[in-house]
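Nothing in this text is a laboratory measurement; each read-out follows from the coordinates by a stated rule. What you see is a predicted model, and the numbers here were worked out from it, not measured in a lab. Here the Cβ is made from the backbone with ideal geometry for all residues, glycine too, and neighbour counts use every protein chain on show.
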Amino acid sequence: MKKKNEIVFEIAPHHLLPFFTYLRDHTQTQFKLLMDVTAVDYPSRPQRFEIVYNLLSVQHNARLRIKTCVDELTP
């Protein structure tokens with residue numbers, strides 16, 4: 001998904017670790033800096049917390065936003 005010239009990926013929680021590992025290690029991505037992590041609470045949703053990760057690739061001068069949704073019971 002692309003919003004305002006930003007690339008945004010919505011990833012299932014169980015895919016986060018392999019996806020982040022790929023983004024960090026692949027020569028075409030090199031997203032080695034986690035700029036910030038934030039969360040938004042939507043109480044009316046079943047998976048009420050939306051976690052947002054903002055990544056930076058200095059090598060490619062690129063930014064990336066990763067989103068995932070979780071409930072209050074699942075770590």
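Just one of (i) 46, 12, 9; (ii) 23, 19, 12; (iii) 24, 14, 10 is semi-axes √(5λ) of the Cα gyration tensor in Å as worked out from the coordinates here. Which one is it?
Of the labelled values, this structure produces (iii).
Contact order normalised by length for the chain, with contacts defined as Cα pairs under 8 Å and 6 or more residues apart; what percent is it?
Relative contact order, the chain: 32 percent.
³J(HN,Hα) across segment 31-47 via Karplus (A = 6.51, B = -1.76, C = 1.60, θ = phi - 60°), whole Hz, x for Gly/Pro?
Once θ is set to phi - 60°, the couplings for segment 31-47 become 7, 9, 10, 8, 6, 6, 10, 9, 9, 10, 9, 10, x, 7, 8, x, 9 Hz.
In debye to the nearest 20, how big a dipole does the chain give about its Cα centre with +1 on each Lys and Arg Cβ and -1 on each Asp and Glu Cβ?
Magnitude of the dipole: close to 320 debye.
Ranked from highest to lowest mean number of other Cβ atoms within 10 Å per residue, what is the order of the peptides 54-66, 18-30?
Taking the mean over residues of other Cβ atoms within 10 Å, the ranking is 54-66, 18-30.
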